[in-house]
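Contents: one structure, followed by commentary.
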Amino acid sequence: MKQFTIFMVFLSLLLSAAVFGFFYAWVCSTMWGLDAADPRVAIAAMQAMNASVRNAVFFPAFFLTPVALGGVAVLLYRTQRHPAIAFAAAAIVYLIGGFILTATVNVPMNQELALIAVPDDIDAAATIWRDYSQPWQVWNQTRTIASGLAFLLAAYGTFLLDRRAI
């Protein structure tokens, strides 16, 4: 049990950091680069990225992070309440602010963008891109903050662990 618990702690930290880094990269490079590009190129590039993100590499970080964090909370709850609470809080914060937010806001926005034919007219493309990019980035920053907070809560839970009691 001890080795499995330690494995789960490290797995939850890794997954939390990975999903935070994924969202963070959109904040500090990807969207800024797309905003600086020709809006027709930005629309087509975002459509391509959104179509490609559903893959086996992305799956564990996005879908399994709340499972791993919650699993650690369950494993620790009887013997180490304070670390368990930190991991449970991390699971809840990510589940609401990362996973559910993405599924209910960013994904529907991406699906709407996927249905748009990239216009030849640069002004029309600029309007489409602006109307998509600005709100998408607000929600992406929100999920970035939530996933970063989830990672910090998991790190705090790890700090609180009494390794002798695992």
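Return the label of the correct value of volume of the Cα convex hull per residue in Å³, as calculated from the structure shown, out of (i) 150; (ii) 131; (iii) 90.
The listed entry that was calculated here is (iii).
Multiply the residue separation of ARG130 and GLN3 by 0.36 nm, subtract the distance between their alpha-carbon atoms, and state the gained length in nm to one decimal.
In short, 40.7 nm is gained.
Test of the criteria: in region 1-100, which trypsin sites (Lys or Arg not before Pro) are in a DSSP loop and have at most 10 other Cβ atoms within 10 angstrom of their Cβ?
Counting only loop positions with at most 10 other Cβ atoms within 10 Å, the trypsin sites (Lys or Arg not before Pro) in region 1-100 are ARG54, ARG78.
For region 57-129, just run the numbers: alpha carbon Rg, then divide by 2.2 N^0.38 Å, N being how many residues it has.
1.70
Taking the Cα centre of the chain as the origin and placing charges on Cβ (Lys, Arg +1; Asp, Glu -1), which of GLY70, ALA150, VAL57 is farthest toward the positive end of the dipole?
Checking the options against the dipole of the chain, the answer is GLY70.
Starting from the Cα-Cα distance between VAL67 and ILE116, subtract it from 0.36 nm times their residue separation and give me the gain in nm to one decimal.
Extending this stretch completely gives an extra 14.2 nm.
On a C-alpha basis, how far is the centre of region 1-33 from the centre of region 46-100 in Å? Whole number, if you could?
Cα centroid of region 1-33 versus Cα centroid of region 46-100: 9 Å apart.
What angle, in degrees between 0 and 90 and rounded to the nearest 10, separates the Cα long axis of helix 81-94 from the longest principal axis of the Cα atoms of the chain?
Taking Cα atoms only, the helix is inclined about 10 degrees.
Every read-out reported here was derived from the displayed coordinates using simple, explicitly stated rules and does not represent laboratory data. Just so it is clear, the structure is predicted and the values come from calculations on it, not from any experiment. Cβ coordinates were reconstructed from backbone atoms using ideal geometry, including for glycine residues, and neighbour counts include every protein chain displayed.
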